[in-house]
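Heads up: the structure comes next, in structure tokens.
The values are calculated or read from the model by the stated rules, or taken from the named source; none is laboratory data. Just so we're clear, the structure is a prediction, and the values are computed from it rather than from any experiment. Here the Cβ is made from the backbone with ideal geometry for all residues, glycine too, and neighbour counts use every protein chain on show.
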Amino acid sequence: MDTSDLFSILERDPNKVSGAWVFRGTRVPVAAFFENLKDGASIDQFLEWFPGVTRMQVEALLDYELITLMKAANT
């Protein structure tokens with residue numbers, strides 16, 4: 001996944017949620033996903049709590065982050 005693919009699942013608008021990155025088509029901040037995971041929530045729980053977010057969006061975000069970490073480890 002490259003950056004252009006990432007923008008198909010995320011968006012940022014200064015007039016929406018104070019300009020925070022959100023899952024496209026929602027007002028759910030990406031930070032809320034990572035905070036919930038950090039606090040012990042499962043992906044299924046997050047999706048239940050934030051029904052506008054799709055599993056595809058979450059999985060694509062995690063794939064992007066994994067690829068980014070792998071690239072950083074190889075530099």
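Computed quantities for the displayed model
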| item | result |
| --- | --- |
| Subset of the range 52-75 that is modelled with pLDDT of 95 or more and part of a loop (DSSP other than H, G, I, E, B) - its residue that is farthest from the chain's Cα centre (by Cα) | GLY52 |
| Residue check for ALA41: at pLDDT 95 or above, small (Gly, Ala, Ser), closer than 18 Å to TYR64 by Cα and out of contact with any helix residue (DSSP H, G or I) (no Cβ under 7 Å at 6 or more places or on another chain) | no |
| Hey, LYS71 of a type in the set (Lys, Arg), exposed (fewer than 11 other Cβ atoms within 10 Å of the Cβ) and more than 19 Å from THR3 (Cβ to Cβ) or not | no |
| Residue selected from the range 52-64 under the condition in contact (Cβ under 8 Å) with a residue 40 or more places away in the chain and surrounded by 11 or more Cβ atoms within 10 Å (Cβ to Cβ), by the criterion nearest to THR3 (Cα to Cα) | TYR64 |
| Of all residues in the range 25-51 being in a loop (DSSP other than H, G, I, E, B) and among the aliphatic types (A, V, I, L, M), the one that is surrounded by the most Cβ atoms within 10 Å (Cβ to Cβ) | VAL28 |
| Restricting the range 1-14 to residues that are modelled with pLDDT of 95 or more and not in a loop (DSSP other than H, G, I, E, B), the residue that is farthest from VAL58 (Cα to Cα) | GLU11 |
| Residue that is surrounded by the most Cβ atoms within 10 Å (Cβ to Cβ), among those in the range 15-24 that are modelled with pLDDT of 95 or more and assigned to a loop (DSSP other than H, G, I, E, B) | ARG24 |
| Residue in the range 17-25 that is among the charged types (D, E, K, R) and either on the phi > 0 side of the Ramachandran plot or out of contact with any Phe, Trp or Tyr (no Cβ under 9 Å at 6 or more places or on another chain) (or both) present | no |
